[in-house]
Amino acid sequence: MTTCVVVHRDDALEIYSMCLGLVESFVLTALRMLAATARFKSDPAPDTAVFWAETGATLPDARGEGWLSVLTIGPEGARFTADADLTATIDGLRPVEALFFELVDRLAEAAEDHDGNAPYHTVIPRDHSFVDPAILRDSITLS
């Protein structure tokens, strides 16, 4: 099961994704997708994508030791690095982390309220709080 929040805010793409269990192909696809964003950057300052293993899905401290990979993404491409200062990245991800846990709470409440007589379906993940409306519009256009 994967739960993801994708928001475009203040000219930044914020993605907070949790995968239960390690699904290596999902992680590799996500990191490659984020690396591919390099050619679309208009700001020369590098961006950062982080991957960590944490059973609570919470972001570790910026100076913590739980980071499995740190990907620096610049206009010229992307590379893994071991010496990035993650303070600004983690601070920037805290709001989308809060949205992620709000999504998880709302999904749990909906699942608990489900009567079980019909297939479980919810539109909660499509709430504009959790996903950029442009992504939904584009996915409808592509289908």
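The values are calculated or read from the model by the stated rules, or taken from the named source; none is laboratory data. Everything quoted here is computed from the prediction, not taken from an experiment. Cβ sites come from the backbone with ideal geometry, for glycine too, and all protein chains shown count toward neighbours. SASA here: full protein model, heavy atoms, side chains in, ligands and nucleic acids out. Shrake-Rupley method; radii C 1.70, N 1.55, O 1.52, S 1.80 Å.
Per residue, region 20-90 exposes 66 Å² of solvent-accessible protein surface, assessed with a 1.4 angstrom probe and all protein chains in place. Taken along the Cα-to-beta-carbon direction at a fixed 7 Å, the label points for Thr122 and Thr29 span 2.3 nm. Mean separation of Cα pairs under 8 Å and 6 or more residues apart, divided by the residue count, gives region 31-110 a relative contact order of 30 percent. Note on Cα Rg over 2.2 N^0.38 Å: of the candidates [x] 1.13; [y] 1.39; [z] 2.08, the value calculated from this structure sits at [x]. Take every pair of alpha-carbon atoms less than 8 Å apart whose residues are at least six positions apart; their mean separation over the length of the chain yields a relative contact order of 23 percent.
Taking 7 Å steps out from each Cα toward its Cβ at Glu102 and Arg63 produces label points 3.1 nm apart.
For the chain, the fraction of 1.4 Å probe accessible surface lying on carbon and sulfur atoms is 56 percent.
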